[in-house]
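> This is the structure I have questions about; it appears just below.
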Amino acid sequence: RHKFWETQPVGQFKDIGDSSLPEGPIEPPTPVSEVKQEPYNLPNLYEWVTCDMESEEMSLEVYNLLTNNYVEDDENMFRFNYSKEFLSWALRPPGYFKSWHIGVCVKSSKKLVAFITGIPARIRVHDQVVTMAEINFLCVHKKLRSKRLAPVMIKEVTRRVHLENIWQAAYTAGVVLPTPISTCQYWHRSLNPKKLIDVGFSRLGARMTMSRTIKLYKLPESPLTQGFRKMEPHDIPAVTRLLKKYLSQFVVAPDFDENDVEHWLLPKEDVVDSFLVESPETHEITDFCSFYTLPSSILGNQNYSTLKAAYSYYNVSTKTPLLQLMNDALIMAKQKDFDVFNALDVMKNESFLKELKFGPGDGKLHYYLYNYRLRQALHPSELGLVLL
Ligand code: YNC
Ligand code: MG
């Protein structure tokens, strides 16, 4: 059933519920000198290419491959459309390895036909901080599907991760593989209900008219919390402290230092937005919220080509109630002309989703660890990790 995944050091379906198995690495590391030195073999017409994401030309190749071949919803109405700026941000965090940005191209034409990436991250699992690879952007051109290319790409990225003496990974997927550490659900908050209904993203509710729907989702013009403002570079130390403390309550969460916060959370136009609450009296930073920009292409609609979506990222509340903080995040997203605000049911998100008029989506998102066993699956609220 899972001819490839059954051979990998991941939690296997047959072991679910076996609490005698120890938590932690499934296989021990080997000396880096014993890691296979040559790339895995590809079918004869293809070759490996290391993608230089600093090169404008290569970035565009990657962008085009993903724009036309990356993740779609179940009904094939929408396809993720990560921007070039977003990809450059997502793939070049502190300490990134160029060798983990892996393409497959046609030997004769050099056309890029497949892609997979890793980035390094420190992820805490219970009380262990583990250096991992976060694997993302696995994509095979539509014309090359179902030829078992994906397993070769996964083995090759694994080999290159091992060459850096890193032995664990984290990844998410919409498909069920052996074996999720948690299964989350996306929730959607309409900001521009008319467009969402016109493009088939949502439907008019029972006994609802368009004008009642627009009124239902109406938001104030500007944020309501006193001291709510955009994050700035001088906030990095305070935000890092706030986030570190907040994330310590979750079972799986990134271990962010100031360099990570600078990279992942300092606002970057059309990529990531971050806001905080600075106490008007004490100037203390008490709360934080953020979202990233990930539009989707709308496939085959006469009137619209792009759905502008904001995705909830890391949010911390210590003083402002989370509900009020996220309401301000929605107001900022609306001000920035997003059509929809999406959030997973991770961290404390469940506490605001229904009240702030998010509705459940249909797709699930499964979280996985490679070569690291958890004794039992986690409730989404025990996850403090958001992957892009
Ligand atoms: C997937 N998403 O089960 P079995 S998410 C992992 N993640 O293997 P073929 C996947 N494995 O079941 P196709 C997967 N999807 O026989 C499929 N598989 O054991 C497994 N879609 O390969 C599948 N991007 O090449 C099966 O399938 C085997 O041609 C079949 O290619 C798959 O980025 C894919 O959804 C996904 O582009 C590339 O469908 C293709 O269909 C495609 O015959 C649209 O493959 C885009 C899309 C996936 C987004 C993502 C996370 C990827 C994680 C990969 C695993 C990383 C492991 C850790 C490595 C580092 C370790 C260290 C240390
Ligand atoms: Mg294939």
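> Considering only the stretch 170-193, how many residues are farther than 21 Å from Phe80 by Cβ and either of a type in the set (A, V, I, L, M) or more than 16 Å from ligand 1 (Cβ to nearest atom) (or both)?
Total meeting the criteria: 2.
> Name the residue that is farthest from the chain's Cα centre (by Cα), counting only residues in the stretch 78-112 that are surrounded by 17 or more Cβ atoms within 10 Å (Cβ to Cβ) and within 16 Å of ligand 2 (Cβ to nearest atom).
Cys105
> Step by step: first the residues of the stretch 272-319, then only those that are under 15 Å from the mean Cα position of the chain (by Cα) and among the polar types (S, T, N, Q), then the one that is surrounded by the most Cβ atoms within 10 Å (Cβ to Cβ). Which residue is that?
Among those residues, the one meeting the criterion is Ser312.
> Is there a residue being of a type in the set (Ser, Thr, Tyr), touching a residue at least 12 places away in the same chain (Cβ under 8 Å) and under 24 Å from Ile214 (Cα atoms) anywhere in the stretch 309-320?
Yes: the stretch 309-320 contains one or more residues that are of a type in the set (Ser, Thr, Tyr), touching a residue at least 12 places away in the same chain (Cβ under 8 Å) and under 24 Å from Ile214 (Cα atoms).
> Taking Thr67 and the conditions (1) within 16 Å of ligand 1 (Cβ to nearest atom); (2) exposed (fewer than 11 other Cβ atoms within 10 Å of the Cβ), which numbered condition does it fall short on, given that it satisfies the others?
Of (1) within 16 Å of ligand 1 (Cβ to nearest atom); (2) exposed (fewer than 11 other Cβ atoms within 10 Å of the Cβ), only one is false for Thr67: (2).
> Condition (residue is at pLDDT 95 or above and under 21 Å from Ala133 (Cα atoms)) applied to the stretch 347-363: is it met by at least one residue?
Looking for residues that are at pLDDT 95 or above and under 21 Å from Ala133 (Cα atoms), one finds none in the stretch 347-363, hence no.
> If Phe115 satisfies every condition in (1) under 23 Å from Leu385 (Cα atoms); (2) surrounded by 16 or more Cβ atoms within 10 Å (Cβ to Cβ) but one, which is the exception?
(1)
> Let me ask something additional. What about Ile123, is it under 19 Å from the mean Cα position of the chain (by Cα) and in contact (Cβ under 8 Å) with a residue 60 or more places away in the chain?
Considered against the rule, which asks whether it is under 19 Å from the mean Cα position of the chain (by Cα) and in contact (Cβ under 8 Å) with a residue 60 or more places away in the chain, Ile123 comes out as yes.
> Considering only the stretch 132-240, give the helices (runs of 4 or more DSSP H) lying wholly within it that have at least 2 residues that are within 16 Å of ligand 2 (Cβ to nearest atom) and surrounded by 16 or more Cβ atoms within 10 Å (Cβ to Cβ).
Ranges flagged: 149-162.
> Here is a list of conditions, (1) out of contact with any helix residue (DSSP H, G or I) (no Cβ under 8 Å at 6 or more places or on another chain); (2) within 23 Å of Tyr368 (Cβ to Cβ), and Tyr40 meets all of them except one; can you say which number that is?
The one condition Tyr40 does not meet is (1).
> Restricting the first residue to the stretch 148-168 and requiring it to be more than 8 Å from ligand 1 (Cβ to nearest atom), which pairs with a second residue that is part of a helix (DSSP H, G or I) meet a Cβ separation below 9 Å and a spacing of at least six or different chains?
Arg160/Ser99; Arg160/Trp100; Leu163/Val32; Leu163/Ser99; Glu164/Val32; Glu164/Ser99; Glu164/Trp100; Asn165/Val32
The values are calculated or read from the model by the stated rules, or taken from the named source; none is laboratory data. Note that the structure is a prediction, hence the values are computed from the model and not measured. Cβ atoms come from the backbone with ideal geometry, glycine included; neighbour counts cover every protein chain shown.
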